[in-house]
Amino acid sequence: MTLEPTSAAIIQLAWARRLGLDDAAFATAADRLASSPAGPRDRITLVDESARAVQFLRLFGVSALVGPPWALDAAADIPDAELAQHVTLLTLTRTHGGHGLGSSALFFADDLPLNQPSEDLTVSRGNPEAIALESLCPPDDVNEVGLQSLEHRFTIMHPEDEQASPVACGAYAEWEGLLADMGVLVAPAWRRRGVGKLAASIAAHEALASGLTLQWKADVSNTGALAMARSLGFATGGLHAGVLLG
């Protein structure tokens, strides 16, 4: 699926605010690149003396780098394609304790096909059900999805279990009142059975009904999450890489 131009502008605005840039930073840079596509690289930069992380973003063809001055100086001559790799940022920040975050592909949608269940389902919005689901999953999966940081949760319960155990949860957090940053967690015994896609669809349509544009972040090495984003109908929009300092 493709995004409406207004949706792309909303995404640019949300990320600009998220990174501490001027609201029009991405739109202005995009216009400048469109008028002189053969010109030199025009990366947006923001020097933040108190930054606790270095972040690189490639969004709809426009790049931005945010971090302390020493990091921006070290990255000045490094091409975008290299900065997008987590290992490059780790190398740049090694002496400052750079660690974590990784590189994530970004997908977006302003509309999605409705994924209808084949039977009646019980969907919980409660936190205990989401916590119970996390207890069934490997810690790496739990940490990557981060359900506890996604305040709107929709957990599908086992249709035939008297104990009503959770099988999958689709969730999202609001970014800047504009984006729904999504995540999905599925119990290992229920993977590859379509419930993750269904949980994601439920959360996505709740977010769309609230007037939000959808965002899906997936680690570049997580083939399952990348495939789910594409199968749901999300469009590729960019890449985010970052490291925490100290």
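A short reminder: the numbers here are calculations on the coordinates, not readings from a lab. Note that the structure is a prediction, hence the values are computed from the model and not measured. Here the Cβ is made from the backbone with ideal geometry for all residues, glycine too, and neighbour counts use every protein chain on show.
Miscellaneous remarks
- Under the Karplus curve 6.51 cos²θ - 1.76 cosθ + 1.60, θ = phi - 60°, whole-Hz ³J(HN,Hα) for the range 209-221, x wherever Gly or Pro sits: 5, 8, x, 9, 8, 8, 10, 10, 10, 9, 3, 4, 9
- Across the range 47-64, computed HN-Hα scalar couplings (Karplus, 6.51 cos²θ - 1.76 cosθ + 1.60, θ = phi - 60°) run 7, 10, 4, 9, 4, 9, 8, 10, 10, 10, 10, 10, 10, 6, x, 10, 10, 9 Hz from first to last residue, x flagging Gly and Pro.
- In order through the range 102-116: 3J(HN,Hα) via Karplus (6.51 cos²θ - 1.76 cosθ + 1.60), integer Hz, x for Gly, Pro: x, 10, 10, 7, 10, 10, 9, 7, 10, 6, 9, x, 7, 9, 8
- Annotation: the antiparallel percentage among DSSP beta bridges lying fully within the range 5-103 is about 55.
- Between helix 25-35 and the chain: long-axis angle, C-alpha atoms, 0 to 90°, nearest 10: 60
- Loop sites in the range 1-81: trypsin sites (Lys or Arg not before Pro), DSSP, at most 14 other Cβ within 10 Å: ARG41, ARG52
- Near-label residues of the range 158-189 by backbone N, under 13 Å of a point 7 Å along Cα→Cβ of ASP120: 159-160
- As a calculated quantity, the FRET efficiency between SER165 and SER231 at R0 = 30 Å, using C-beta atoms, amounts to about 0.75.
- A Förster radius of 41 Å, combined with the Cβ-Cβ distance separating ILE131 from VAL47, puts the computed FRET efficiency at roughly 0.55.
- Of VAL47, VAL54, VAL62, VAL87, the sequence from fewest to most neighbouring Cβ atoms within 10 angstrom is VAL87, VAL47, VAL62, VAL54.
- Less than 5 angstrom separates the built amide H of THR45 from those of LEU65, all sequence-distant by 5 or more or on a different chain.
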